[in-house]
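These notes concern the structure reproduced below.
Each reported figure results from applying straightforward, stated rules to the coordinates on display, with no laboratory input. Computed from a prediction, not measured in an experiment: that's the story for all the values here. Here the Cβ positions follow ideal geometry from the backbone for every residue, glycine too, while neighbour counts run over all protein chains shown.
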Protein chains: 2
Amino acid sequence: MSSAFNDWVKTRQARVEETACKNLPKADLFPEPLHEAMRYSVLGGGKRVRPLLVYAVGEMLGAKSSDLDLTALAIECVHSYSLIHDDMPCMDNDMLRHGKPTTHARFGEAMAMLAGDALQPEAFCILSKTELPAERKVLLVEHLAQASSTRGMCGGQAIDLSMVGKKMTLEELRRMHAMKTGALLLCSVLMGAACGKERADEEAILASLKEYGTAIGLAFQIVDDILDVTADTALLGKTAGKDAKEDKPTYVSLLGLESAKEMAKEQYEKACHALEQLPDDLPGKERLREIAYFIVGRNY
Amino acid sequence: MSSAFNDWVKTRQARVEETACKNLPKADLFPEPLHEAMRYSVLGGGKRVRPLLVYAVGEMLGAKSSDLDLTALAIECVHSYSLIHDDMPCMDNDMLRHGKPTTHARFGEAMAMLAGDALQPEAFCILSKTELPAERKVLLVEHLAQASSTRGMCGGQAIDLSMVGKKMTLEELRRMHAMKTGALLLCSVLMGAACGKERADEEAILASLKEYGTAIGLAFQIVDDILDVTADTALLGKTAGKDAKEDKPTYVSLLGLESAKEMAKEQYEKACHALEQLPDDLPGKERLREIAYFIVGRNY
């Protein structure tokens, strides 16, 4: 990772944190426990991969930085809600997330469920604060709602739930993850673009970005599956080795470790190829390549 | 209830049902169990009070009927999700709703939580299908997101959760219910208006509608508290007598049964007064009065 990219990542991560701090309901505001639980889950943790994608694509297309801040935060709210609910006893029943107790472990199940529930509308409230033309705001809402619907994240979760202990083909696994994890990552790319200036409507640009977003979405999940096997709990900040223990189908269980690593690399190359299709005069392509590299090379 | 009003209610309830049937993801669509659970909770039950408000106000202001169908369904999706999650073991732990097993009793806790989670973005997807100008679509999104946020429904739920067994003043109780139940009812009125033609932007009209929506929201909850004491489980379609059993503060526990009934009547009169402030040439005021009467006079 180049030091310029490293600096860029750090400043963008700090902006997500700051925007969240300012725009989420304050912890001393009534009803306090709900707001505390929401802030606990969004603030102070995570790699902020989705926001980084929003920033990188939006900056490439000349978006206003305050619009990107709000859009990045909105997606992170949806991502956070999904983690809160996913960690609950009736789902994955996990006690550790980002190296801290999960939200229900800290605030109780009922408040955790409500905090997750409340982060969804909050994301749409946050989107409505952007200063984009109404048409673009509607586009942001559509992207986010579709990606978190049964065609996206929630659908993927439901498949995951019904597949524990069952055999899956590689194609079924790919489809599940394209929905569960991939949809929101692709959505981050498209929402970054939707914040951009005129060129954000060019079909060819959108098609390449879509190809890029799909490839890194898949790569992200393959690496997640690899890390569940190779990394330890302390570094991951969440319980390692859970997939095998629960007999969940993963890229590693289907392909073996080496082939899974190979497949992650292929997706990285696919993402790079998509970036090469973008017009030569668009700035910031190298940044998107570095994000892809970051996703594939991460060890947590 | 006049027979004309009765017919109007029946046809509008049928339209919600039909719109839901057509616009919710089909039960035979992958992943099936999730879609079945969503349809189970939205279809075939409930008085559809929120949709009735959308229709009545929208028709008053010349809205297109297909826009009202979608808007009414979107609100009903949010209402349904709140019931699914509210009935779960970590919240109210109830097994009966609309005379049927609750969603988690039928589909398991994990699938019920996901069905609730998925109904939220679905509501926003449905709103985006309206054929309104983008500005009005954004307004619909803002109304729905705010009403279901911590300033509205989720906030009220969190207060409810932290108040079991505690003493509340009448003002605290009113505030809790204004958020928990009132916000979405008021929102139904405002979203109905947002579907309307030019006059839907007139400040004076909106102010009267807001007064009306606030009054019926409060009346609705007072009557809910009364019915919990006076009605039986079979008629209610949900477990009666729960508030007292769980030592929840209610209008009845704070004021006594007779004063609570008196207060519901006062809110009905307040709603009627608000309607009188509307311009004389607006049609359909009588319908809104009858809805208020229906809310106060219902026995289930």
### Alpha-carbon radius of gyration plus Dmax, which is the widest Cα pair, for region A:136-181 in Å
12.6, 43
#### Entry: Other-copy label distances relative to B:A134, 7 angstrom Cα-Cβ extension, nm
1.0
### Two-decimal Rg to Rh for region A:187-254 - Kirkwood Rh, Cα set
1.19
### Message
Taking the number of other C-beta atoms within 10 Å as the exposure measure, put B:Y300, B:Y293, B:Y81 in order starting with the fewest.
### Response
B:Y300, B:Y293, B:Y81
### Query
Of A:K210/A:K285; A:K10/A:K100; B:K47/B:K270; B:K26/B:K242; A:K22/B:K166; A:K64/A:K285, which ones are farther than 26 Å apart at the Cα?
B:K26/B:K242; A:K22/B:K166
#### Entry: Paired Rg and Dmax values of region A:3-297, which use every Cα atom, in angstrom
18.4, 52
### Query
Considering only DSSP states other than H, G, I, E and B, which GluC sites (Glu not before Pro) in region B:1-77 qualify as loop sites with at most 12 other Cβ atoms within 10 Å?
none
#### Entry: region A:65-220: relative contact order in percent, alpha carbon pairs under 8 Å with at least 6 residues between
23
### Task
Using only the alpha carbons, work out the radius of gyration and Dmax of region A:68-206 in angstrom.
16.5, 49
### Query
Can you list the HN-Hα couplings for region A:186-201, worked out from phi with the Karplus curve (6.51, -1.76, 1.60; θ = phi - 60°), rounded to whole Hz and with x for Gly and Pro?
4, 4, 4, 5, 5, 6, x, 5, 5, 7, x, 6, 2, 4, 5, 9
### Backbone HN-Hα couplings from phi across region B:241-252 [Karplus 6.51/-1.76/1.60, Hz, Gly and Pro as x]
x, 6, 4, 5, 4, 8, 6, 8, x, 9, 4, 5
### Query
Each residue of region B:27-32 in turn: what ³J(HN,Hα) in whole Hz from Karplus with 6.51, -1.76, 1.60 and θ = phi - 60°, glycine and Pro shown as x?
5, 9, 9, 5, x, 4
### Summary
Amide H proximity to B:A240 below 5 Å, modelled H, separation 5+ or other chain, gives B:T233
### Query
If you take the square roots of the eigenvalues of the alpha-carbon gyration tensor of region B:25-107 and sort them as a ≥ b ≥ c, do you get rounded (a/c under 1.5), prolate (a/b over b/c) or oblate?
oblate
## Note on the structure
So, relative contact order of region B:3-297 in percent, Cα under 8 Å, 6 or more apart, is 20
### Query
For B:R97, which sequence-distant residues (separation of 5 or more, or a different chain) have an amide H within less than 5 Å of its own amide H, given hydrogens modelled in the peptide plane?
B:T102
### Low-density loop positions, trypsin sites (Lys or Arg not before Pro), region B:136-186 - DSSP coil, at most 14 other Cβ in 10 Å
B:K166, B:K167
### Task
For peptide A:155-166, compute the average count of partner chain beta-carbon atoms within 10 Å of each residue's beta-carbon.
4
### Query
Which of B:S3, A:S188, B:S253 comes first, and how do the rest follow, when ranked by fewest Cβ neighbours within 10 Å?
B:S3, B:S253, A:S188
### Sparse-neighbour loop sites [trypsin sites (Lys or Arg not before Pro); region A:13-105; at most 13 other C-beta within 10 Å; DSSP]
A:K26
### Label point 7 Å beyond Cα along the C-beta direction, distances from B:G108 to other copies (nm, shortest first)
2.7
### Task
Show the residues, 5+ positions off or on another chain, whose built amide H is closer than 5 Å to the amide H of A:S148.
A:M153
#### Entry: Directionally averaged shadow of the protein assembly as shown, computed from the convex hull of its alpha-carbon atoms, nm²
26.0
### Message
Cut-off is 10 Å between beta-carbons; in what order do B:I226, A:I222 appear when sorted fewest neighbours first?
### Response
B:I226, A:I222
